[in-house]
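In what follows, a structure is listed as structure tokens, so that the remarks can point back to it.
The values are calculated or read from the model by the stated rules, or taken from the named source; none is laboratory data. Just so we're clear, the structure is a prediction, and the values are computed from it rather than from any experiment. Glycine also receives a Cβ, built like all others from the backbone with ideal geometry; neighbour counts cover every protein chain displayed.
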């Protein structure tokens, strides 16, 4: 099954939209379950839907399960563990006194995705890709600045602080997870792209459920019990999380991680549209500039 070259674009847009809905659902659950509990919801309740998606792809595509090599195991484990570590670093960043600076530095993920993709997978970085990544990154930084009065100066002045280093580590974790998932899907040689993506998704969510669930059972069993008690509210978050991940993983089988993650920044536009529609929030000139830069990066990477 050969996919059209442009197919990764609508799939990535769907992934970004589904992730926006998942984030909204998780934000509601965080107050009840805590951050780690809400994160476990994403994996635990998303796993059955991921398994259902794999069954549907295999059933209606008449595909057999692909053979999973040691290389696949390495890449999918790297992706799963890196994603959990990135979340942990981000939580640590938010506990810092200047957490906004650390969060801003975590948004260097897009640049790190491009670098790691080149180093580990040989994904090329052309002029258009490099420019799109830079425009997207600066656009994100202006949309969520560490200091609204001096957005870029504060980044340059505080890059050696503990908060900034934690933020960079978080960005590196998310970047490695994207590269790991793309490497895992590509490692299933000969598997159709939908089957490769669905298989990678199920294995990754299983690993994450076991790791994070096991850690919480050891350190805070009450959180796990609350997660099970909140199953009704958690089902929607799990479904949208699996739907978003299915989109990301499928896009990674079709296009480089740098292109997918750069186009995926449109999630911020979706989030701001939701905030503007439901909370009547107005955009500042700084945010409008950030959206313009972000749009430029998205147009470049899409046309490229």
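Taken over the range 126-139, the criterion of being in contact with a helix residue (DSSP H, G or I) (Cβ under 9 Å, 6 or more places away or on another chain) and either surrounded by fewer than 16 Cβ atoms within 10 Å (Cβ to Cβ) or modelled with pLDDT under 80 (or both) is satisfied by 128, 130, 131.
Those residues that are touching a residue at least 24 places away in the same chain (Cβ under 8 Å) and either within 20 Å of residue 218 (Cα to Cα) or surrounded by fewer than 15 Cβ atoms within 10 Å (Cβ to Cβ) (or both), I need them from the range 21-31; list them, please.
Filtering the range 21-31 down to residues touching a residue at least 24 places away in the same chain (Cβ under 8 Å) leaves 21-26, 28-29.
Once the filter is applied, which keeps residues that are touching a residue at least 24 places away in the same chain (Cβ under 8 Å) and either within 20 Å of residue 218 (Cα to Cα) or surrounded by fewer than 15 Cβ atoms within 10 Å (Cβ to Cβ) (or both), the range 21-31 yields only 28.
Within the range 58-72, the set of residues being surrounded by fewer than 18 Cβ atoms within 10 Å (Cβ to Cβ) and under 24 Å from the mean Cα position of the chain (by Cα) comprises 68, 71.
Residue 153: part of a helix (DSSP H, G or I), surrounded by fewer than 19 Cβ atoms within 10 Å (Cβ to Cβ) and modelled with pLDDT under 90, yes or no?
yes
Being out of contact with any strand residue (DSSP E or B) (no Cβ under 6 Å at 6 or more places or on another chain), without any contact (Cβ under 8 Å) to a residue 24 or more places away in the chain and either part of a helix (DSSP H, G or I) or surrounded by fewer than 19 Cβ atoms within 10 Å (Cβ to Cβ) (or both) is a property that residue 75 lacks.
Among the conditions (1) touching a helix residue (DSSP H, G or I) at 6+ places or on another chain (Cβ under 7 Å); (2) surrounded by fewer than 16 Cβ atoms within 10 Å (Cβ to Cβ); (3) modelled with pLDDT of 80 or more, the only one that residue 304 does not satisfy is (3).
Considering 212, 186, which residue is under 19 Å from residue 83 (Cβ atoms), in a helix (DSSP H, G or I) and touching a helix residue (DSSP H, G or I) at 6+ places or on another chain (Cβ under 6 Å)?
Working: 186 fails: touching a helix residue (DSSP H, G or I) at 6+ places or on another chain (Cβ under 6 Å).
When all the criteria are applied, what remains is 212.
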